[in-house]
Amino acid sequence: MEQSEIKKPKVLLVEDNAENRDVMVHFLKKICEVDVAVDGPSAVSQAESNHYVLILMDINLGFGMNGIEATKKIRLMEKYREIPIIAVTAYAMAGDKEIFIESGCTHYISKPFTKREFTGLVEKALGLTSQN
Ligand code: MN
């Protein structure tokens with residue numbers, strides 16, 4: 001296989017806010033191929049019909065299913081038992097981290113974050129961090 005044909009890892013970004021989504025898609029473009037879901041039910045159905053290696057899950061998705069519920073549903077699928085899921089939150093209070101981990105998230109980051117913080121965590125979750 002030629003270098004140019006090597007596919008970037010395919011990730012799912014779940015975020016209800018258009019501005020946040022644009023920023024994160026921009027940050028992710030160089031690292032991975034990004035699909036976007038704007039609510040919990042879409043996240044679950046897109047996960048079902050694709051094979052993502054990482055999911056970025058906004059916890060507050062507005063009205064309806066939140067990110068914790070969506071994560072629990074996705075974790076029930078055989079193909080998503082082991083992949084990293086990063087919880088993205090607008091706030092993090094004491095005890096929140098435990099809730100994210102219990103629901104099946106493996107990492108979390110709170111907004112606002114810098115590009116470096118965000119891409120650093122994504123690369124770490126994908127196992128792309130260089131050993132130096
Ligand atoms: Mn949100």
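Taken together, the values in this text are just the output of simple stated rules run on the coordinates, not laboratory data. All values derive from a computational prediction rather than experimental measurement. All Cβ positions, even for glycine, are placed from backbone atoms using ideal geometry, and neighbour counts span all protein chains on display.
Taking chymotrypsin sites (Phe, Trp or Tyr not before Pro) as exposed when DSSP calls them loop and at most 10 other C-beta atoms lie within 10 angstrom, the chain has its longest site-free stretch at 1-62. The slack in the chain from K72 to R116, taken as 0.36 nm per residue of separation less the alpha-carbon distance, amounts to 13.0 nm. For the residues V23, V11, V122, a GNM of the chain with alpha-carbon springs under 10 Å puts the largest fluctuation on V23. Taking 7 Å steps out from each Cα toward its Cβ at D22 and K124 produces label points 2.9 nm apart. As a rough footprinting exposure proxy, the listed residues M93, M57 were ranked by other beta carbons within 10 Å of their own, and the order from fewest upward is M93, M57. In this Cβ point-charge picture (+1 for Lys and Arg, -1 for Asp and Glu), the chain has a dipole of about 300 debye about its Cα centre.
3J(HN,Hα) along the stretch 95-100: x, 5, 4, 4, 5, 5 Hz, from the Karplus curve 6.51 cos²θ - 1.76 cosθ + 1.60 with θ = phi - 60°, whole Hz, x for Gly and Pro. GNM on the chain, alpha-carbon springs under 10 angstrom: the most fluctuating residue among T106, T114, T89 is T114.
To the nearest ten degrees, helix 40-49 and the longest principal axis of the Cα atoms of the chain are 40 degrees apart. Given the options I68, V25, S42, identify the residue whose Cα lies farthest towards the positive end of the charge dipole of the stretch 8-123 (+1 on Cβ of Lys, Arg; -1 on Cβ of Asp, Glu). Checked the options; the winner is V25.
Is the stretch 23-132 rounded, prolate or oblate when judged by the Cα gyration tensor, a ≥ b ≥ c being the square roots of its eigenvalues, rounded requiring a/c under 1.5 and prolate requiring a/b larger than b/c? It comes out rounded by the Cα gyration axes.
Exposure here means at most 10 other Cβ atoms within 10 Å; with trypsin sites (Lys or Arg not before Pro) in a DSSP loop as sites, the longest stretch of the chain lacking them is 82-132.
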